[in-house]
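Worksheet for the structure shown next.
The values are calculated or read from the model by the stated rules, or taken from the named source; none is laboratory data. Just so you know, these numbers come straight off a predicted model, no measurement behind them. All Cβ positions, glycine included, derive from the backbone under ideal geometry; neighbour counts span all protein chains shown. Heads up: the accessible areas ignore ligands, DNA and RNA and are worked out on the full protein's heavy atoms, side chains in. Shrake-Rupley method; radii C 1.70, N 1.55, O 1.52, S 1.80 Å.
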Amino acid sequence: MKILVVCQHYFPENFAINEITRQMVCFGHEVTVLTGQPNYGFDGIAKGYENVFHEVIDGVNVHRVKIFPRRSGRLSIIKNYLSFWAHSKAWTRKTKQSFDVVYSMSLSPIISVSAGNLYSKKHKVPHLLHCVDLWPESTVVTKNIKYNGLLYRFLLSWSRRIYRHTTEILIGSPSFKNYFDDVLKIKDKGLTYVPQPALVNVCSEYPINYPEGTHIVYAGNLGSLQLLDLLVDTADKLKSHGLFYFHVIGMGSMKASFLQDIKQRKLEDRVIYHGPMPSQKAAGYFVNADALWVSLKNEGIVGKTIPNKLIMYLGFGKPIIGVVGGDSKTLLQETHGAILCNEDSSDISEQIARFALLSKKEKALIGSRNKKYFDDHFQSVQLIRAIEHHLLDLIK
């Protein structure tokens, strides 16, 4: 197959799409990626990429379009979204390259896959959308817009139109189907559950030697949905229970308030912020941690979904501290490898304190259940083969 992949983010940005395209090349397909200049997590365009608009990475042809770099502030993020939407469509109109099929991954926002619909319509080839974020639901849950307001109704109409113009849709979490059925009123796109492959690199080149104590790691987005205020509250309550350390890796819209909260409570020595980092380096923190933390506000459809980091955590074979509901809670109940907590710092701190008293053997047994579940259900090659299968079926 000759596959056109449309995704706003690509290497050196750290997303699952990098592994999907690399593996598709290994399967024998010709892959071209339409993406933006890397800027997510770099505080501007990534150094060295200011004037790089075409390159080949692991056999993947990568075309980059100019983009307004993402910085703090809502206006900057809106400009970032709209710049990729406009410039990717402009590239699609001009390109003379021929492809058999389009595969797009809808990270936020859904308008980022519009170029895929445009190419599909112009050249009469199928478009497979991999939906791993719901629009406009994500904007409502994060309190950026009001439900049923004028802006919401505009985004709902725009999002519905983009979804409908695809040929088939894969969904990243089982609960997404309810949103497509009940809110978007779309029921004819397949809506097959295929989670995005997790970025797991257990053989880390960056070994981490933690000091004595219990070390818990969180990695991912620092947004309003991730309940990081609960993590800080929990760390505060555990100060008197011994040596408990929380390591936070990532970036997001709540970074400033998160760091301010840590400083005000004088928790800098207990909640250590490491900033964003490559997955290979972050793996060193996972491999040597006592447990991994996942939290998601149990609100709306988004709060019922499975964040990609949870699947990644399973692959490291560590016990998981889970403050989640919906699909995530169901998944962790199936793995039998998690300490499930309520959205209450007193409950979380009490359960973590009890967990810390377990022997190394008992902790290892809990973590091994997660690794087995990952191996049985979420192996990267297995999931990418499923994507390949859908692409081949569309061409047929």
Selection over region 170-215 where residues are within 25 Å of Gln382 (Cα to Cα), open to solvent by 50 Å² or more (accessible area, probe 1.4 Å), assigned to a loop (DSSP other than H, G, I, E, B) and at pLDDT 90 or above yields a count of 1
Meets criteria (closer than 23 Å to Ser368 by Cβ, in contact (Cβ under 8 Å) with a residue 24 or more places away in the chain and assigned to a loop (DSSP other than H, G, I, E, B)) for Ile339
no
Flagged in region 54-76 as part of a helix (DSSP H, G or I) and open to solvent by less than 40 Å² (accessible area, probe 1.4 Å), in numbering order, are Ser76
Picking from Asn117, Asn39, the residue that is in a helix (DSSP H, G or I), in contact (Cβ under 8 Å) with a residue 24 or more places away in the chain and crowded, with 20+ Cβ neighbours inside 10 Å would be Asn117
The residue that is farthest from the chain's Cα centre (by Cα), considering only those in region 89-106 that are without any contact (Cβ under 8 Å) to a residue 40 or more places away in the chain and in a loop (DSSP other than H, G, I, E, B), is Lys96
Item checked: Flag if Phe99 is among the hydrophobic types (A, V, I, L, M, F, W, C), under 27 Å from Leu392 (Cβ atoms) and modelled with pLDDT under 95 -> no
Log entry, pairs with first residue in region 298-319 being within 18 Å of Val183 (Cα to Cα), second being open to solvent by 40 Å² or more (accessible area, probe 1.4 Å), beta carbons closer than 7 Å, six or more apart or on different chains, reads Ile301/Asn178; Gly303/Lys297
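Determine which member of the set Tyr147, Tyr152 is touching a Lys or Arg at 6+ places or on another chain (Cβ under 7 Å), under 24 Å from Ser173 (Cα atoms) and modelled with pLDDT under 95. Walk me through it before giving the result.
Numbers: Tyr147 fails: touching a Lys or Arg at 6+ places or on another chain (Cβ under 7 Å).
Within the list Tyr147, Tyr152, the selection yields Tyr152.
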Residue hits (region 343-390; aliphatic (A, V, I, L, M) and free of Cβ contacts under 8 Å to residues at least 40 places away in the same chain) are Leu357, Leu358, Ala364, Leu365
Given (1) open to solvent by 20 Å² or more (accessible area, probe 1.4 Å); (2) modelled with pLDDT of 90 or more, Glu137 misses just (2)
When region 347-382 is checked residue by residue, the ones that are out of contact with any helix residue (DSSP H, G or I) (no Cβ under 7 Å at 6 or more places or on another chain) and of a type in the set (S, T, N, Q) are Gln351, Ser359, Ser368, Gln379, Gln382
task = Say whether the condition of being over 19 Å from the mean Cα position of the chain (by Cα) and either open to solvent by 40 Å² or more (accessible area, probe 1.4 Å) or aliphatic (A, V, I, L, M) (or both) is met by at least one residue in region 301-317.
result = no
